[in-house]
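One structure below.
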Amino acid sequence: MEILLTDVEAMVEITILTRFSCYIFQITEPRECRGFLSGGRLGIRPREAFLANTFLATNRRISKPEQLETGYQAMFYLNGSGPDVLTTSVITELKFAATKTTDSSGDC
């Protein structure tokens, strides 16, 4: 599965399940691939982030920079305290996170 962030509406949350972690990316500026990232080693406090790119670890093939895709790793640049760059393990599943009007099947 792949999600093109530029096609997503602002304030949509995407659950990113990886081999070792679960992240939530709330999109605030779809055209710039910016939003708030939480989960995994970041913990529950959201950090300002933007998707820099996704890539295959085996050959470093870069996907479209505005696209999350299963089988790839994602690299996010972060603002604030802590690490400036976060690279996920391989993405195993992508879901649109549940909202208050839907069930919670997309949550971490």
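A short reminder: the numbers here are calculations on the coordinates, not readings from a lab. This is a predicted model, so every value here is computed, not measured. With ideal geometry, Cβ positions are generated from the backbone for all residues, glycine too; neighbour counts draw on all protein chains shown.
Work out, step by step, the length gained on full extension between Asp107 and Asn53: first 0.36 nm times the residue separation, then minus their alpha carbon distance; give nm to one decimal.
Length difference between fully extended and current span is 17.1 nm.
Can you list residues from other chains, or at least 5 along the same chain, whose modelled amide H is less than 5 Å from the amide H of Thr18?
Tyr23, Thr92
Go through the chain and flag any cysteine with no other cysteine's C-beta closer than 4.7 Å, please.
If one checks each Cβ against the other cysteines of the chain, Cys33 turn up with nothing under 4.7 Å.
Once fully extended, how much extra length lies between Ile62 and Arg31, figured as 0.36 nm per residue of separation less the alpha-carbon to alpha-carbon distance?
9.3 nm
Charges only on Cβ, +1 for Lys and Arg, -1 for Asp and Glu: so what's the dipole of the chain about the Cα centre, in debye to the nearest 20?
So the dipole magnitude of the chain works out to roughly 360 debye.
Please report, largest first and rounded to whole Å, the three semi-axes of the ellipsoid equivalent to the chain, where each semi-axis is the square root of five times an eigenvalue of the C-alpha gyration tensor.
Listed largest to smallest, the semi-axes of the chain are 19, 16, 14 Å.
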